[in-house]
Each structure stands twice: as C-alpha cells, then as structure tokens.
1. Scanning region 219-245 for residues that are small (Gly, Ala, Ser) and under 16 Å from the mean Cα position of the chain (by Cα), which turns out surrounded by the fewest Cβ atoms within 10 Å (Cβ to Cβ)?
2. Which one of these does Arg224 not meet: (1) in contact (Cβ under 8 Å) with a residue 60 or more places away in the chain; (2) closer than 25 Å to Glu256 by Cβ; (3) in contact with an Asp or Glu (Cβ under 7 Å, 6 or more places away or on another chain)?
3. If we keep just the residues of region 1-51 that are part of a loop (DSSP other than H, G, I, E, B) and touching a Leu at 6+ places or on another chain (Cβ under 7 Å), which is nearest to Ser298 (Cα to Cα)?
4. Just give me the residues in region 268-277 being buried (at least 24 other Cβ atoms within 10 Å of the Cβ) and outside any helix (DSSP H, G or I), in sequence order.
5. If I ask for residues that are closer than 24 Å to Leu77 by Cα and either out of contact with any strand residue (DSSP E or B) (no Cβ under 8 Å at 6 or more places or on another chain) or part of a strand (DSSP E or B) (or both), which ones from region 109-128 would you list?
6. Cβ-Cβ under 9 Å, sequence separation 6+ or interchain: first residue in region 57-77 and outside any loop (DSSP other than H, G, I, E, B), partner of a type in the set (A, V, I, L, M, F, W, C) and surrounded by fewer than 13 Cβ atoms within 10 Å (Cβ to Cβ). Which pairs?
7. Condition first: among the small types (Gly, Ala, Ser) and in contact with a Pro (Cβ under 8 Å, 6 or more places away or on another chain). Can you find one or more residues in region 315-326 that meet it?
Amino acid sequence: MNHRSFGKDGVRVSEVGLGCWQIGGNWAHVEEDVARSILQTAVEAGVSFLDTADVYGGGRSEEIIGRFLKELGSSELFVATKIGRGAMYPDKYSKEGVRYGIEASLKRLGVEALDLVQTHCVPMEIMQSGEIFEWLERLVDEGKVKRIGASVETVGEANMLLDNLDSLYSLQIIFNIFRQKPIEEVFEKAMSRDVGVIARVPLASGVLSGRFSTETVFGAEDHRNFNKDGAAFNVGETFAGVPFEKGIEFAKSIEEMKPASMSLTEMALRWILDFDAVSVVIPGATKVEQVKTNAGVSDLPKLSDVIHSDLATLYREEIAKSVRGAY
C-alpha cells in the first residue's frame, strides 16, 4: 500500500482508504461481525484511513469503528468523521449543537481527540458565514479536534473554502470518471494551499464496478432505489448524478477502454489515484473481497496517457451533459 501526504502537517495516509457509510446500515444491511471483518481486512491490506460520520446509521458506524479501535489498541489508523447533517441541518446550527455533536462522536469512537472533523455538506450560506468553523476551531484549541475539513457538493463551495478558510485541512468531493470537473477547477488550488483531497463516490454508487445492468433492482432501503432521482437528498450523490440507465451505458463504453489486466473497478479507482492532488480515495465495501480488490489498486501501474485522453474526451463530449444536481 502506497501512502500520500495529507494536508498541512505532513501526516501520511494510505492512498486507498475505506468509506464507512455502509457499515452504519443506512443503505446496506451489514451485520457487525461482517463490518468488523471488513475493517480487519482493510487494516491487513495496509489501509490506514477510515471515513465515517455521526449520522451514518445514527452513530452505528462510529460505534463499530470505536469498538474496533479499542480491540486494536495502539493504532496508526486515521479516522475522519463529519458533523452537520443531523438535527442541525439545514438551518439550526449553533455552537452548543456543534459541541454536543463532537462530544458524542468522541464517546462513540472512544478517543480523546478526533483526527479530522469535516462539515458534512452543510448549506453554502452556513459555510460562508464562517461561524461553524469558528466553533470547530475552539474545539481544536481545547484539544477535542485535531483538524478541520469540509465535505462539499460543488466546486464552487470547494473554491470558496479554499479562498477564505485558513484552517481548512482537507476537502472531500465527489470525484470519479463521471465527475471530472475538479481536475481543472479545484486540484491546482488545493495543492498550492496544502489542502488534502478526499475522493468520495469513486465508483458512482457501484455503476463503475461493472456489476449492474439496467435490470438491477435495489432494495427499498437502498439510496440507489429511493434517491436515484434525488427524491431524498442531493441528486448528485447517487450514481454521481448520472441517470442510472445512462450510467450503465457509459460504464460499458469505459469498459471497452480498460487494460486487459484490470477490472472496471480497478480501472476506475486507478484513474482517480493517477491524479497527484488526490490524497486518498474512499471506496466503501460490504464484503471483504471488495476491500482486497480496492486496496490492491495501490499496487497497479498508472493508466496510459491514451486512456486518460479517451476518458477525458468521453466525459467532455457525452457524460458531462448528463450529470444532474449541484456540481
């Protein structure tokens, strides 16, 4: 597993991390013993970066990670969590609410200080006011939070924070073959400010794994069912904002470009890692086999310039116009 510098203080993390939304049970029913096997497999594969949030399973994701950390004892794991999509969203943010949320995450994770706290896709006007970051900065001063980041929905939000928030340590953004805008509009600025980039939704909710067809049916509790057209939250989050049927079509075109030695999943993740601005990519996993495949991408060779050019052309000429929602 290769490691990359992450943020201003020189911390190094595995370039492939583990997204932990699914172990909260929000959209995939993952029993705790399976979740623990996923976490253990990730550690054994060299993964050192876990991404979670206070609302994943109503705290279940953090609780499972906390119990896992306790069993590990001394650990080099870097755990990033988030705040801001619970009871305070969208317009009830307060200093007391943020403090309460941080204390709850500390308790669930069983740590004295949180490695990284990211605002969790909070509204633009909340970020622009700056108060939520001032409240978090006080918690940094108190030793409860080590670093402050933001998970955002648009490149406009990313650039606003890069231009105005000196304490910004990292940005988490949707970045995959379907969502290439950050390459031109975010990456250079983030690198110049030593702000880490966390690439989320790397497989476009699984479409870029090549495992689905237009006949695939998702469970009633799966966001790929109830939010496929943005009925529950930002339409850009599920399938990276591309209509499911179009995503299947694009995935087939991309698969025709992949090296014979790689699966579509491996190619999609390797493409992300080929960009130096990316600090870590955080694919989720509901099975240990997926963890192994994802982690193994770190050892794969970079994609050729021809493949990168062809994927850029496909995005520019076909995919970009199909992306819906805030971007």
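1. So the first thing to find is which residues in region 219-245 are small (Gly, Ala, Ser), and the list is 219-220, 230-232, 236, 240-241.
If we keep only those that are under 16 Å from the mean Cα position of the chain (by Cα) too, we end up with 236, 240-241.
Details: Gly236: 20, Ala240: 28, Gly241: 23.
Only one residue fits best here, namely Gly236.
2. Exception for Arg224: condition (3).
3. Initial filter on region 1-51 (part of a loop (DSSP other than H, G, I, E, B)): 1-2, 6-11, 15, 17, 20-21, 25-31, 45-48.
Restricting the remaining residues to those that are touching a Leu at 6+ places or on another chain (Cβ under 7 Å) gives 15, 17, 20, 47-48.
Values: Glu15: 7, Gly17: 10, Cys20: 19, Val47: 10, Ser48: 13 Å.
Going through the qualifying residues, I end up with Glu15.
4. none
5. Gly110, Glu112, Leu114, Leu116, Val117, Gln118, Thr119, His120, listed by residue number.
6. From residues that are outside any loop (DSSP other than H, G, I, E, B), there are no pairs.
7. So in region 315-326, the residues among the small types (Gly, Ala, Ser) come out as 320, 322, 325-326.
Adding the requirement that they be in contact with a Pro (Cβ under 8 Å, 6 or more places away or on another chain) leaves 322.
Yes - at least one qualifying residue is present in region 315-326.
Condition check ((1) of a type in the set (Lys, Arg); (2) closer than 30 Å to Met191 by Cα) across all residues:
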residue: Arg4; (1), (2): yes, yes
residue: Lys8; (1), (2): yes, yes
residue: Gly24; (1), (2): no, no
residue: Ser37; (1), (2): no, no
residue: Ala42; (1), (2): no, yes
residue: Glu62; (1), (2): no, yes
residue: Phe68; (1), (2): no, no
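FYI, it's all coordinate maths here, none of it is from the lab. In this text the structure is predicted, and so the values were computed from the model without any measurement. Cβ sites come from the backbone with ideal geometry, for glycine too, and all protein chains shown count toward neighbours.
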